[in-house]
Amino acid sequence: QELLRVMRTIDDRIVHELNTTIPTASFAGKIDAGQTCKELYQSLMDAHTSRERIIKNCIAQTSSVVKTLREEREKAQDDVALLKQLRKEQTKLKLMQSELNVEEVVNDRSWKVLS
């Protein structure tokens with residue numbers, strides 16, 4: 001979550017990025033607004049793609065752990081520590097899956113501002 005928070009900085013500061021990227025009338029001749037806007041767009045695309053890839057990778061890994069723990073749990077139903085670990089991993093999985101929804105909202109907001 002901390003890594004995602006840091007990676008979402010570009011989205012959190014999108015208005016500031018636009019204000020510093022798009023030149024005012026007095027600087028319009030000195031800076032290529034179209035090029036800087038394209039660069040901001042590409043940075044945003046790269047950030048969104050990498051965050052989604054990271055989240056999905058974490059979900060896949062945690063799903064694998066949950067599946068393994070479930071199989072172990074079926075063999076040893078009286079193991080309280082195993083049950084506790086399974087619940088912990090299931091909670092982590094749900095949290096990561098909810099991050100996909102958060103990511104969708106963050107991305108949507110950024111694209112609206114950029115547009």
Looking for whichever is open to solvent by 60 Å² or more (accessible area, probe 1.4 Å), closer than 20 Å to Leu3 by Cα and without any contact (Cβ under 8 Å) to a residue 60 or more places away in the chain here; the options are Lys56, Lys75. Which one fits? Lys56
Tell me, yes or no, whether the stretch 14-21 has at least one residue that is in contact (Cβ under 8 Å) with a residue 12 or more places away in the chain, open to solvent by 60 Å² or more (accessible area, probe 1.4 Å), part of a helix (DSSP H, G or I) and among the acidic types (Asp, Glu). no
Taking the stretch 78-115 and keeping residues touching a residue at least 60 places away in the same chain (Cβ under 8 Å) and among the hydroxyl-bearing types (Ser, Thr, Tyr) leaves Ser110
Of Lys88, Lys112, the only residue that is of a type in the set (Lys, Arg), under 20 Å from Ala47 (Cα atoms) and assigned to a helix (DSSP H, G or I) is Lys112
Across the stretch 22-42, what is the total count of residues that are at pLDDT 70 or above, in a helix (DSSP H, G or I) and exposed (fewer than 14 other Cβ atoms within 10 Å of the Cβ)? 6
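The values are calculated or read from the model by the stated rules, or taken from the named source; none is laboratory data. All values reported here derive from a predicted model rather than from experimental measurement. With ideal geometry, Cβ positions are generated from the backbone for all residues, glycine too; neighbour counts draw on all protein chains shown. We work out accessible area using only protein heavy atoms, side chains counted, and drop any ligands, DNA or RNA first. Shrake-Rupley method; radii C 1.70, N 1.55, O 1.52, S 1.80 Å.
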